[in-house]
Amino acid sequence: MNFSGFYGNEPIKKALNAHLFHAYLIEGPEGSGKHTLANIITNALVCDGEIRPCGICRQCYKFKQNCHPDIIDIPSDIPVEDLRRLLADIVLTPNDGEHKIYRIDKAEKMLPAAQNLLLKTLEEPPHYAVFLLLCTAKEGVLPTVRSRCQVLSLAPLPEEILEEHFRKTFGVYDEKAKTAVLLSAGFLGKALEIYGTEDEKQGQQCRALEQALQKKDAAAVLGVFHFEDRESLTAFYNTFALHLKRRLRDASGSETTFYASLIRLWDSAGEAMQTNINVKFWNANLARLCLKAIA
Ligand SMILES: [Zn+2]
C-alpha cells in the first residue's frame, strides 16, 4: 500500500502490507488521521494500478469523485432494520473490482442491537468484503465486535514530523505553529485545526466565502479575494482547504456532494500555487474556481 501523506505509525503500515484482514477497527482521537488512513485503505483496495492507490486509474477517479459503487458508507445512527437490508446485499459480488468496502464512522455510536447485527456479518463475511470501523476509543465498541476486527490504534507523531509538515505546507514553523503542535499532543489533524482556527481574521474570511458559495452570491465571492501579499493568500488557501475538509467530514446528503466538488476544485490549484504565486493572478484564479463551483 502506498501511504504517502500518512505520517509515522510504521507498525500499522507494516501490518496492512503484510496481510489483509476482513475487518479493521481504526482507533484514535479527533485529528489523529483515522479518516486519512481509512481513505488510503479504501482507495488502495479499489485501485487497479501497480502501486496502490495509484491516483490515476479509473477506479481511483471514481473514488475521488465519491461515486465508487463498491464503497458503502454506513451512518452510525442507522436504524437496525435499514442495516439489516444493507447487509443483506453483501452476498452480491463487487460491481467493479475485487473488494466491497463497508465503512462506519463513529462506530462507538452504533446501537448495541445494530452492533450485534453487524457482528453476525463479521463472523462469516464473503471473501471480498472488508469492513472499516472508525472510533475514538475501542472500548466504545462491543467486545464481541472488537474481537472480530484487527485493531489499528493511531499513535501520536514526533514533533519533528509535525514541524516538517508545517514547514512544507505553510513555509514557516513560527510560535503559533509551535503552540498548535504542543497542544495537539502529537496529532497532525488536531495541530492543523488549532493552527487554522487561531487566526480569527482568517476564520471570518473562510466563513464569508462559504456563505457566499452557499448563497451562490458571485459578488460576495469576488469580495473575498483581495489578498495583498503572498503570505496571506497562501495562509488563506491552506486554512480554507482544512475548513472544507472539516465541513465534508460533518456533512450529510446533498451537502456531501457540494463540499466534495468544492474540495476538488480548491485542491486543483494547490500544486501550481506552490511553484508560482503571482498574487493578482491567484486572487482572480481562486475566485474563478469558486464561481465555477456555484455555476
Ligand atoms: Zn488507481
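Every number in this text was worked out from the coordinates using simple rules, so none of it is lab data. The structure presented is a predicted model; accordingly, all values stated were derived computationally and were not measured. Note that each Cβ is placed from the backbone with ideal geometry, even for glycine, and that neighbours are counted across all protein chains shown.
Key figures
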| quantity | calculated |
| --- | --- |
| Positive-pole candidate from His127, Pro143, His99, dipole of segment 97-205, charges at beta carbon | His127 |
| Cα centroid of segment 238-295 to Cα centroid of segment 59-119, whole Å | 28 Å |
| Helix axis angle, 34-46 relative to the chain longest principal axis, alpha carbon, degrees | 70 degrees |
| Dipole moment magnitude, nearest 20 debye, segment 178-276 about Cα centre, only Lys, Arg, Asp, Glu C-beta charged | 280 debye |
| Angle between the chain longest axis and helix 200-214 axis [Cα atoms, degrees, rounded to 10] | 70 degrees |
| Per residue Cα convex hull volume in Å³ - calculated over segment 199-294 | 86 Å³ |
| With Cα atoms, 0 to 90° folded angle of helix 279-294 axis to the chain main axis | 40 degrees |
| Dipole in debye (nearest 20) - the chain, about Cα centre, beta carbon charges: Lys, Arg +1; Asp, Glu -1 | 500 debye |
| Peptide ranges 171-179, 129-137 listed from the most packed, as the mean C-beta count within 10 angstrom indicates | 129-137, 171-179 |
| Check: segment 10-153 dipole with +1 on Lys, Arg Cβ and -1 on Asp, Glu Cβ, in debye | 160 debye |
| All Cα pairs of the chain, percent lying beyond 37 Å | 19 percent |
| Inter-label distance, nm, simple model (7 Å from Cα along the C-beta direction), Ser252/Phe281 | 4.4 nm |
| Sites Cys67 and Ala220, calculated FRET efficiency, Cβ-Cβ separation with R0 45 Å, nearest 0.05 | 0.90 |
| log₁₀ of I(q)/I(0) at q = 0.11, 0.15, 0.20 Å⁻¹ - segment 10-153, Debye sum with one point per alpha carbon | -0.38, -0.73, -1.33 |
| Structure-based [θ]222 nm, the chain - -39500 (n - 2.57) summed over DSSP H runs of at least 4, per residue, nearest 500 | -17000 deg cm²/dmol |
